[in-house]
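The values are calculated or read from the model by the stated rules, or taken from the named source; none is laboratory data. Note that the structure is a prediction, hence the values are computed from the model and not measured. Every residue, glycine as well, gets a Cβ built from its backbone with ideal geometry; the counts of neighbours run over all protein chains shown.
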Amino acid sequence: MKNVVFAILTGLLLAISWPTYGFPLFLFFGFVPLLVTEYQIRNSKRSALKVLGLSYLAFFTWNMITTWWIYNSSAFGMWVAELVNSLLMSLVFLLYHIVAKRTKFSISAVFLASIWMGFEYFHLQWQVSWPWLNLGNGFAGFTSWIQWYEYTGTFGGTLWVWIVNLSVFKTILLFQEHKDKQILYRSALKNGLIILIPIIISVVILKTYEEKGKEIEVVLLQPNINPYTEKYNTSDQRISDLLTSLTTSEITENTRFIIAPETVFADSKRLTNFPSSIAKKTGVDILKLYPNAHFLSGVSLVDVFNDPSRIRPQTNIYKENIFYDDYNSAFFVRPDQSHELYHKSKLVVGVENFPYQSVLKPILGDVMIDLGGTVAKKTTQDDREVFYTKDSIGVGTMICYESIYGEFATGYVRNGADFLSIITNDAWWGNTQGHRQHLSYARLRAIETRRSIARSANTGISAIIDQTGNMITSLGYEKQGALRGTLKTNDKITFYVRAGNYLARTGIFLAVFIFLFSITRRRKKIG
């Protein structure tokens, strides 16, 4: 029973650390009860099965408390996400258990931190991607602690969390062995410094950082259209009238960008007919009155064809010899009426992509997990599109889910983005932590890239975030309106933009090396 309580305690400590209601200090101790439990049962009978079960209980508790809100869009989708992600985390911890039984503490500790970073990196790459609970995200509400993410990305936060947890765990083992209170005093000082020094460095960076770019005015539109009852029953013309009205309520002669949410134009216009669409016409008509501005918005598009050679992995079959690509896109209109398109490329599992079709489709057919909205398979593009004005201001546009991928976002910056926009529809999850957490993760992208962010959300929350991750202004949940504000551009490249997730890649190398070393050496009893 004590082991069960310790497992649940780990889940609770991690959960109460999480944005946006939590305090991330608990992350530094959250894994300790589970680590102690694993150590106590390490050499018992069926230890692997016990570790798997107890760690699953811990991680399931964490997952459920922090991401239960998926239920608002799909009960089935929620259970799949919670059960599968908890299992993956448990398997990672089981690997640590296997290595810990065969190696010394220091080696197994390095392995655990490394394999966990490898797991988080894997979650950023594979087709069933769900990196929502990557540990580095846990500091999203306390950006004054993590200004050094411009050098490490969120994996710096993950490594920080594991260093402290493993250090505290080692202290407990040493104290149990020697019963010397000096061990506790020294540990408190050491671990306090491990926590405080990065925070102090971060505060110094924050206090000395200066935004030196060009100041531009943006207007963010928040139409507040319910996706369950209104969005797909509302014509593009009505959307056009609403967006025009919202724009004129806030726009000035100094406004350079008008930004509307993801798929706000939802009539699925043919891709080839986009130049004559209501979506583009809306932008053109507004810019005729305000020729200094540019219009950026989300739109749903389809490309229908009958040429089999054009079929891609995400192509949909309408009927025999008729195929279509379905796009969740952003479009950009300039005052001269020219336009560009960007197609969303990080897709929500089940809603927008069918993972591993070659394996799963023969088994499941066209069954997909419905997490809300359309379940058509979306088609992506390879590169991160940057939209440029005539005077060479570049904006990189992340569409909804794309904003939780740090290294992915750096692609826009490497392609010349001077600031970033996020267009999203967060209404699927209701008034829960879902949309608040999503907003808080955008602050991490600002720090990593040192790019201001203009975030337009249908329903909420629209916001302007500066280059330090500070939210300058926002428009609350379920409020219809337009938000005007200013942000600064930046053309400097951070170390993280250049290097990407180098910590995770290093961790993967170390984890593989240590695992192979541990299973090929002769087993020794570890005290």
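Has the stretch 233-242 got at least one residue that is modelled with pLDDT of 95 or more and within 30 Å of Tyr151 (Cβ to Cβ)? No, the stretch 233-242 has no match at all. I'd like the full set of residues that are among the small types (Gly, Ala, Ser), closer than 23 Å to Ile453 by Cβ and touching a helix residue (DSSP H, G or I) at 6+ places or on another chain (Cβ under 6 Å), limited to the stretch 219-274. Within the stretch 219-274, just Ala260 meets the criteria.
Within the stretch 313-323, is there a residue that is surrounded by fewer than 20 Cβ atoms within 10 Å (Cβ to Cβ), part of a strand (DSSP E or B), of a type in the set (Lys, Arg) and out of contact with any His (no Cβ under 9 Å at 6 or more places or on another chain)?
Taking the stretch 313-323 as the starting set, the residues that turn out to be surrounded by fewer than 20 Cβ atoms within 10 Å (Cβ to Cβ) are 313-323.
This time we only want the ones that are part of a strand (DSSP E or B), so: 316-319, 322-323.
Within this subset, residues satisfying the condition of being of a type in the set (Lys, Arg) are 319.
Restricting the remaining residues to those that are out of contact with any His (no Cβ under 9 Å at 6 or more places or on another chain) gives 319.
Yes: the stretch 313-323 contains one or more residues that are surrounded by fewer than 20 Cβ atoms within 10 Å (Cβ to Cβ), part of a strand (DSSP E or B), of a type in the set (Lys, Arg) and out of contact with any His (no Cβ under 9 Å at 6 or more places or on another chain).
Among residues belonging to the stretch 249-284 that are of a type in the set (S, T, N, Q) and touching a residue at least 40 places away in the same chain (Cβ under 8 Å), point out the one that is surrounded by the most Cβ atoms within 10 Å (Cβ to Cβ). So that I can check it myself, show each step before the final result.
So the first thing to find is which residues in the stretch 249-284 are of a type in the set (S, T, N, Q), and the list is 249, 252, 254-255, 263, 268, 272-273, 276-277, 282.
From what's left, touching a residue at least 40 places away in the same chain (Cβ under 8 Å): 249, 252, 255, 263, 268, 277, 282.
Values: Ser249: 12, Thr252: 11, Thr255: 19, Thr263: 28, Ser268: 18, Ser277: 21, Thr282: 26.
Here the answer is Thr263.
Of all residue pairs spaced 6 or more apart or on separate chains, those with beta-carbon atoms under 6 Å, a first member in the stretch 408-419 that is of a type in the set (A, V, I, L, M) and a second member that is surrounded by fewer than 24 Cβ atoms within 10 Å (Cβ to Cβ) and in a helix (DSSP H, G or I) are Val413/Val497. Evaluated against (1) under 21 Å from the mean Cα position of the chain (by Cα); (2) outside any loop (DSSP other than H, G, I, E, B); (3) modelled with pLDDT under 95, Phe517 falls short on exactly one condition, (1).
If the condition is being within 20 Å of Phe495 (Cα to Cα) and in a helix (DSSP H, G or I), then the stretch 395-409 contributes Ser403, Ile404, Gly406, Glu407, Phe408, Ala409.
Taking helices (runs of 4 or more DSSP H) as the structural unit, those lying wholly within the stretch 53-166 and holding at least 3 residues that are more than 21 Å from Ala511 (Cβ to Cβ) and modelled with pLDDT under 95 correspond to 75-100.
When the stretch 332-349 is filtered for residues that are in a strand (DSSP E or B) and either on the phi > 0 side of the Ramachandran plot or of a type in the set (A, V, I, L, M) (or both), the ones remaining, listed by number, are Val333, Leu341, Val349.
Quick one: would you say Thr397 is assigned by TED's automatic domain parsing to the domain that holds Ala293 and more than 23 Å from Pro131 (Cβ to Cβ)? Let's see the steps before the verdict.
Numbers: assigned by TED's automatic domain parsing to the domain that holds Ala293: yes; more than 23 Å from Pro131 (Cβ to Cβ): no.
No: the conditions fail for Thr397.
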